[in-house]
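Visitor: Please read through the structure below; I'll follow up with questions.
The values are calculated or read from the model by the stated rules, or taken from the named source; none is laboratory data. Given the structure is predicted, the values throughout are model-derived calculations rather than measurements. Here the Cβ positions follow ideal geometry from the backbone for every residue, glycine too, while neighbour counts run over all protein chains shown.
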Amino acid sequence: QVQLVESGGGLAQAGGSLRLSCAASGRTFSSHGMGWFRQAPGKEREFVGAIIGSGGSIFYADSVKGRFTISRDNVKQTAYLQMNSLKPEDTSVYYCAAWIGGSVDSTAAYNSWGQGTQVTVSS
């Protein structure tokens, strides 16, 4: 399995930006698809986006499309989530995860998860 560690969370004002990083170790990073999810208190974990395959096919949830950008650096073994035009409803704990196959928006398609990083957006 791959081990994942997120960083980059914090406090931002509405309309601001943050960039999250997900550092991977263990199995070859480039062979994994990577997903981003978030979970707000009292809510289920929800899909944010994913980058899948050697060609880097990218998928986004409708709620973040046009505001968030996923990328990865295979040399640094790191995936990124650039978050722009942040809204208070983006406040959540954000997780990265290693994709093992199946629907990219399902938590069941991922077998390794980071510890999460808190993002708080003030209005």
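Visitor: Can you tell me how many residues within segment 106-123 are over 26 Å from residue 14 (Cα atoms) and not β-branched (Val, Ile, Thr)?
Guide: Result for segment 106-123: 7.
Visitor: List every residue pair whose Cβ atoms sit under 7 Å apart, with the two residues 6 or more apart in sequence or on different chains, where the first one lies in segment 103-122 and is of a type in the set (A, V, I, L, M, F, W, C) and the second, anywhere, is assigned to a helix (DSSP H, G or I).
Guide: 119/90; 121/88; 121/90
Visitor: Taking interchain pairs and intrachain pairs at least six residues apart, which have beta carbon atoms under 7 angstrom, with the first residue in segment 57-82 and at negative phi and the second modelled with pLDDT under 90 and hydroxyl-bearing (Ser, Thr, Tyr)?
Guide: Taking only residues 6 or more apart or on different chains, the pairs are 74/30.
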